[in-house]
1. With +1 on each Lys and Arg Cβ and -1 on each Asp and Glu Cβ, and nothing else charged, work out how big the dipole of segment A:66-223 is about its Cα centre, in Debye to the nearest 20.
2. Non-local amide H neighbours of residue A:56 (under 5 Å, H modeled in plane, Pro and chain starts lacking H): which ones?
3. With a 1.4 Å probe and every protein chain kept in, tell me what percent of the accessible surface of chain A is carbon plus sulfur.
4. Taking θ = phi - 60°, what integer Hz values does the Karplus form 6.51 cos²θ - 1.76 cosθ + 1.60 yield along segment B:265-274, in sequence order, with x for Gly and Pro?
5. Could you work out the mean count of beta carbons from other protein chains within 10 Å of each residue's beta carbon in B:31-38?
6. Which far-off residues, 5 or more places away or on another chain, put their amide H under 5 Å from the one on residue B:164, with H placed in the peptide plane?
7. So for segment B:112-166, taking the charge dipole from beta-carbon charges (+1 Lys/Arg, -1 Asp/Glu), which of B:117, B:147, B:162 sits furthest toward the positive end?
8. Segment A:282-361 to segment B:280-341: how many Å between their Cα centroids?
Number of protein chains: 2
Amino acid sequence: MGQVATDQFPLQIWSSLVARHCRNMDSRSFHYGDQLGSQAFRETIARYLRTARSLRCEASQIMIVSGSQQALELSARVLLDRGSRVWIEEPGYWLAKAVFALAGCRVVPVPVDEEGLDVATGIKLCRRARAAFVTPSHQFPLGVSMSASRRFQLLDWAQSTGSWIIEDDYDSEYRYESLPIASLQGLDTNARVIYIGTFSKVLFPSLRLGYVVIPPDLVDRFIAIRGAMDICPPGFYQEVVTDFIGEGHFARHIRRMRVLYRERRSALVNSIDEELGNGVEVLGGEAGMHLTVALANGARDVEVAERASRQKLWTWPLSRCYAGQKPRQGFVLGYGSTAKADIPRSVRGLHDLLQGKRNSK
Amino acid sequence: MGQVATDQFPLQIWSSLVARHCRNMDSRSFHYGDQLGSQAFRETIARYLRTARSLRCEASQIMIVSGSQQALELSARVLLDRGSRVWIEEPGYWLAKAVFALAGCRVVPVPVDEEGLDVATGIKLCRRARAAFVTPSHQFPLGVSMSASRRFQLLDWAQSTGSWIIEDDYDSEYRYESLPIASLQGLDTNARVIYIGTFSKVLFPSLRLGYVVIPPDLVDRFIAIRGAMDICPPGFYQEVVTDFIGEGHFARHIRRMRVLYRERRSALVNSIDEELGNGVEVLGGEAGMHLTVALANGARDVEVAERASRQKLWTWPLSRCYAGQKPRQGFVLGYGSTAKADIPRSVRGLHDLLQGKRNSK
């Protein structure tokens, strides 16, 4: 899960950009940079987000970080205190939970249904939560895209209670069936949304580059805390990615990957139909680089995933994504780095494990 | 201050290493890496620290971070709680103070004399402090090198109270008069020392690479918190620097820079003697890339520094380095990026400002 098709990455183009920037390093590029990140990079990202994700943002609101994890960590440090209560999606992204725990916050798991986070239930459970963490484009791990009405409900709640919405827009670039829905940040008229994005999925994870779009009146607080945390982001790759985007390679790469991932996604869905049949339910196949297979209750996903890993078959147990009591059983299956041809065999392996058969690879 | 002689950096060699590694990127180098950092890089650093700084460490104790700031931040998250009391050097490094404040700790400023941190006074002020932050190689900003007896006193205190010592060994590579004294970590037999180092001064700041040497029994806690903070360090430059060190370029670069910085240091000291005369005291010229000029009381360093900056003359007011009441007046002057020929004019400019003269040019 979270692995990308690195063999498809335009390494030639990338290398030549890297070489060019390395040769042209000047005294400025050696020194500490702006705490927000490079101006040119932030302008490029702002343009991209305004057009591709209908954000309302200027470069001055964007802070470059090492990925969505640091973005989340920073947001927690700025917005939350020990004891603050935070809505998280149930099921949801475990590393978000980890950040809020680290910040001494009390997480309030709010159920996700076919429209996304159930805002009404969230309000019943804890109206006065300080913040809500959501993945509206492609909810992790169920893959729901939050409905427009839910988005407005969530924004209304944030406005009426003075709470914050932390929107992690991961996977928004890869949609296969529906058009992307406008981001919460783009719909927000009251500056209640902190928007988080990353290049880990659309370029590659070891790059460690992401960004936060910050409400204007919070920018100074983000800068102050970021300064104490790690001063500023590394300079070099910011320049490289700026040109990678500016020269059109980024858009081209995303278009190519969307086609590739759609194929792999279809191959996976078909194999699941054939091999696992009616026993299971496929969730969240409309976007991104992973989908979730929900099993009938009684299955033991952690146990099966553990056995699978011994056969080099990597799955993520769905039950691990639950903070509360009644976890659903299943697997989150990433297909980003799995060749189409290898998918049927892998699913068959999973089938055999579910049947309790020894897999004779 | 903190600026390095970037024009002296072996950019040719660096570029060819960067190009080589970029061409040779494989699927592993694209993906998330070890939370501690690359194994090869950590082994290289461990070897370097054992020989150059007489540390007792294995690669398994080393965590790659984005610089001493993140190292400090991580250490605070692992070792300290809200309300924990922490010794800091008075005067000291303001960004360390910022980290402890961010962690909700209460800092206890402990005076620094000609032997370094005054441990006895620290014990009088607050024996039960949870940790002490020190810069023993080249105390910031006074430039004292902590005496051996003080080092043992500090280690005894930490052992008897179960406290931690956070040793920031910045500037240890550049010594001009005395031989380096063994690091606290190397003298410590009770695993009470967290050792912090950075490549910002010996390579360049925008690289954002540093490391922490962690007592073995704390490694898992560092990993857990690091994982929630930013998952892992960026991959690429770790590989580049591994070869830069392994192929001998690093040692050669440090040797060359030591000669260059010594020249600039002497030029600065001479100009200060000529221009500022007896009115001032020069502190900490024995190591590093900056020294401190202490002024007679009554001078207003913040005001002068502010006026100087309007003439593109950058100084850091000594009084800003004090947490407590009676700050000494003076300037921290970095000479890393100032050509020898430009130093006299700059010092003259400072002299004129101290005299209250308008500086023409």
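1. Details: 16 positive and 18 negative charges, 126 e Å.
Dipole of segment A:66-223, to the nearest 20 debye: 600 debye.
2. A:186
3. Carbon-and-sulfur percentage of accessible area, whole number: 50.
4. 4, 4, 4, 5, 4, 4, 4, 5, 4, 5
5. Mean partner-chain Cβ count within 10 Å for B:31-38: 3.
6. For residue B:164, whose amide H was placed from the backbone, the distant partners under 5 Å are B:131, B:132.
7. It is B:162.
8. 62
The values are calculated or read from the model by the stated rules, or taken from the named source; none is laboratory data. Note that the coordinates shown come from a computational prediction; the quantities given were computed from them, not determined experimentally. A quick note on method: Cβ atoms are made from the backbone with ideal geometry, for glycine too, and the neighbour counts reach across all protein chains shown. The accessibility values were calculated without ligands, DNA or RNA, using every heavy atom of the protein model including side chains. Shrake-Rupley method; radii C 1.70, N 1.55, O 1.52, S 1.80 Å.
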